[in-house]
Amino acid sequence: MGIEIDSGQGTKVRDRQMAKDCSPLQSKELREIRAMVDRPLIFKGILSAVDAVKAVDAGADAIVVSNHGAHTLDYLPHPLQVMDEIVAAVGGHTVICVDGGFRRGSDVLKGLAFGARLVGLGRPILYGLAADGERGVQAVIEEITGELKRLMTMTNTPTPAHAGKHLLVAF
């Protein structure tokens, strides 16, 4: 089960406000939700080490480092800008996923190299759906997966778990 913990006020679709009077969930509320849910629980909308630690302390089985594709606030950091501090803060105590602005297999490889175990690809999937329904979604998944496999071969990365910072160029 997943829950957005940060953005009820800001999410818009076609410039129309989709939620009102929703404030970010507090630690106490997250713990209460955890107590009610007997399934794996994922908290989405983590963009700082402080929030990552709060999520782990509240019992998150996984977190999603996400700026919601910049739909919430257009000046939020890209998830990769905060991954290092979040990975360090979590210290392996929960699964880290990442999404927000990932479009290609190379983006997936970068997300894995930064320490994510899963990379979300919302918009490309929606584009495929809009273009050709189920076949469009399948085509997008196959294209991104093919690019990821090709790049993993080129970088001698046998499995996604082997992706690491050594694949990245530091500036």
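Of note:
- Being surrounded by fewer than 15 Cβ atoms within 10 Å (Cβ to Cβ), closer than 23 Å to residue 159 by Cα and either of a type in the set (D, E, K, R) or touching a strand residue (DSSP E or B) at 6+ places or on another chain (Cβ under 7 Å) (or both) holds for only one residue in 147, 142, and it is 142.
- Subset of the range 121-137 (residues that are within 21 Å of residue 160 (Cα to Cα) and either open to solvent by less than 30 Å² (accessible area, probe 1.4 Å) or not hydrophobic (A, V, I, L, M, F, W, C) (or both)): 122, 124
- Which listed residue, of 63, 3, 46, 42, is open to solvent by 30 Å² or more (accessible area, probe 1.4 Å), at pLDDT 85 or above, under 22 Å from residue 93 (Cβ atoms) and under 14 Å from the mean Cα position of the chain (by Cα): 42
- Test: residue in the range 73-92 that is hydroxyl-bearing (Ser, Thr, Tyr), open to solvent by 20 Å² or more (accessible area, probe 1.4 Å) and modelled with pLDDT of 95 or more: no
- Flag if residue 45 is among the small types (Gly, Ala, Ser), assigned to a strand (DSSP E or B) and closer than 29 Å to residue 166 by Cα: yes
- The sole residue among 112, 151, 80 that is assigned to a helix (DSSP H, G or I) and more than 30 Å from residue 57 (Cβ to Cβ) is 151.
Yes/no matrix, rows are residues, columns are (1) without any contact (Cβ under 8 Å) to a residue 24 or more places away in the chain; (2) in contact with a Leu (Cβ under 9 Å, 6 or more places away or on another chain); (3) under 28 Å from residue 85 (Cα atoms):
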| site | (1), (2), (3) |
| --- | --- |
| 141 | yes, yes, no |
| 144 | no, yes, yes |
| 150 | no, no, no |
| 155 | no, yes, yes |
| 159 | yes, no, yes |
| 164 | no, yes, yes |
| 167 | no, yes, yes |
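The values are calculated or read from the model by the stated rules, or taken from the named source; none is laboratory data. If you're wondering where the values come from, they're calculated on a predicted model, not measured in any experiment. Here Cβ is always computed from backbone atoms with ideal geometry, including for glycine, and neighbour counts include all displayed protein chains. Just so you know, the surface numbers come from the protein's heavy atoms only, side chains and all, with ligands and any DNA or RNA stripped out. Shrake-Rupley method; radii C 1.70, N 1.55, O 1.52, S 1.80 Å.
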